[in-house]
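Participant: Please see the structure below; I have some questions.
Computed from the coordinates by the stated procedures, all read-outs in this text should not be read as laboratory data. Computed from a prediction, not measured in an experiment: that's the story for all the values here. Cβ sites come from the backbone with ideal geometry, for glycine too, and all protein chains shown count toward neighbours.
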Amino acid sequence: MTEETTLAAPAPALAPAEVGSSAEPLIKVHELRKTYRSGWTSRRRVEALRGVSLEVLPGEVFGLLGPNGAGKTTLIKVLLGIVRSSGGRASVLGQPAGSVASRRRIGYLPENLRIERHHTARSALAFYGRLSDLSGAALQRRIDSLLELVGLEGRDREPVSRFSKGMGQRLGLAQALLNDPELLILDEPTDGLDPVGRADVRKLLRRLGDEGKSVLMNSHILQEVELVCDRVAIMTHGTLRSLGRIDELTPATPRGTATARSSLHIQVASEQTRLALDALSSPNSLSSQTPATALQSLPAFRPVLGQPTRHGTVPITLEVEDQAATDHCVDRLRDADVSILRLEVRRPSLEDVFLEIVRSDPEAPPEAEIAAEAGLTAEFDPADAGNGN
């Protein structure tokens, strides 16, 4: 497969999210495009990136999410200069993406870092340190501190051939931090780690953010992203579908086609079930003192009745868009003299929003579907060939 570089007019893309900061972004991506050609005649075009725009700020932990073939690793490779873009602009640390000046200030952990099996953790870090122009006592001090930081002290002289996948990930994190980078780019950083290791990585990433370093991470573990990232970008088929803080994304709607609403869970006494359903189903059940204009503005609730519990209560669930809607529900029940035995509002998780955005994605171009299913590995980006990125 060959790459295609064109300057065709890019497709419309979402603008970078407002984050309320005047700091100069460390990563700037504007209408970035990447097109590959494949086949014997190079006639089949695969659009890996289709007008992506986003920014990453200093001290920010930024997450990239998307299904197979979304273009996440293609975007990372463009930022690192591993592949060239077909259109648009990208800069890293004030320099053109891929420039030597920017790469010297970046730490990178690929998804599958391969270290020669004859190395120990210490000798591997010494090797990578020399590649970063580190040497002597300064390098040894840096290696000692990083081995302690990632939890490999005492195991530093064992051959990496004995390492588990989790230990290999810890070593990979250490090599990414060797040059004390301003920007850390991580591809699946918690892959293979146990719960304790994941918690350690989360703590490390927050510490790096507090120190003013930026982190761009690509992960399939949505819970990890939700716990550690300041902002998240969700991509599908090379397009940026949603971007913002976690609390902004959870009620977000992709292209206005669907709503990731909160759910309101109420428990009432079984003998008040009918009264509660009538109160929630009709705003007319409110007291006569409620103004007519207020009745007209009330949302139409659709309560779902659950199975009675052994405690003589009945659960009722309904969707609410905001706090005002929750207040309306409570007002209706109280005006109808219904006793609320339990009330809980559950907001959608990042996973709920992610799945909704992915499922509401317009039909993908046939070429992208074929590429994702075929597992193309030649010059086509592995991330867009369905390898799990």
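Participant: State which entries of 28/77; 34/72; 165/213; 77/203 exceed 20 angstrom in Cα-Cα distance in the structure shown.
Facilitator: Correct reply: 165/213; 77/203.
Participant: If you plug each phi of the range 331-338 into the Karplus form 6.51 cos²θ - 1.76 cosθ + 1.60 with θ = phi - 60°, what whole-Hz ³J(HN,Hα) values come out, in order, with x for Gly and Pro?
Facilitator: So the J values, rounded to whole Hz, are 4, 5, 5, 5, 5, 8, 6, 8.
Participant: What is the range 296-359 by shape, rounded, prolate or oblate, if you read a ≥ b ≥ c off the alpha carbon gyration tensor as root eigenvalues and call it rounded for a/c under 1.5, prolate for a/b larger than b/c, and oblate otherwise?
Facilitator: oblate
Participant: Taking amide H positions as placed 1.01 Å from N in the peptide plane, with prolines and chain starts having none, which residues 5 or more places from residue 108, or on another chain, fall under 5 Å of its amide H?
Facilitator: Those qualifying (amide H under 5 Å, at least 5 residues apart or on another chain) are 185.
Participant: Sticking with this one: Quick one: order 74, 236, 120 by neighbouring beta-carbon count within 10 Å, fewest to most.
Facilitator: Ordered from fewest to most neighbouring Cβ atoms within 10 Å, 74, 236, 120 come out as 120, 236, 74.
Participant: Going by amide H atoms built from the backbone, whose H comes under 5 Å of the H on residue 57, apart from near neighbours?
Facilitator: Under 5 Å from the amide H of residue 57 lie the amide H atoms of 26, each far enough along the sequence or on another chain.
Participant: Show the residues, 5+ positions off or on another chain, whose built amide H is closer than 5 Å to the amide H of residue 44.
Facilitator: 38
Participant: So what are the ³J(HN,Hα) numbers for the range 164-174, from phi and the Karplus equation (6.51, -1.76, 1.60; θ = phi - 60°), rounded to whole Hz, Gly and Pro as x?
Facilitator: Whole-Hz 3J(HN,Hα) from phi for the range 164-174: 6, 4, x, 5, x, 5, 4, 5, x, 5, 4.
Participant: Compare the peptides 195-207, 334-346 by average per-residue count of other Cβ atoms within 10 angstrom and give them in order, highest first.
Facilitator: Highest to lowest by the protection proxy: 195-207, 334-346.
Participant: Right, something else. Compute the distance in nm between two label points, each set 7 Å from the Cα along the Cα-to-Cβ direction, one at residue 180 and one at residue 100.
Facilitator: 2.3
Participant: Expressed in nm to one decimal, what extension gain is obtained for the pair residue 245 and residue 157 from 0.36 nm per residue of sequence separation less their Cα-Cα distance?
Facilitator: 27.5 nm
Participant: Step through the residues of the range 104-112 one at a time and calculate ³J(HN,Hα) from phi using the Karplus curve (6.51 cos²θ - 1.76 cosθ + 1.60, θ = phi - 60°), rounding each to whole Hz and writing x for Gly and Pro.
Facilitator: In residue order, the calculated couplings are 5, 10, 10, x, 10, 10, x, 5, 10 Hz.
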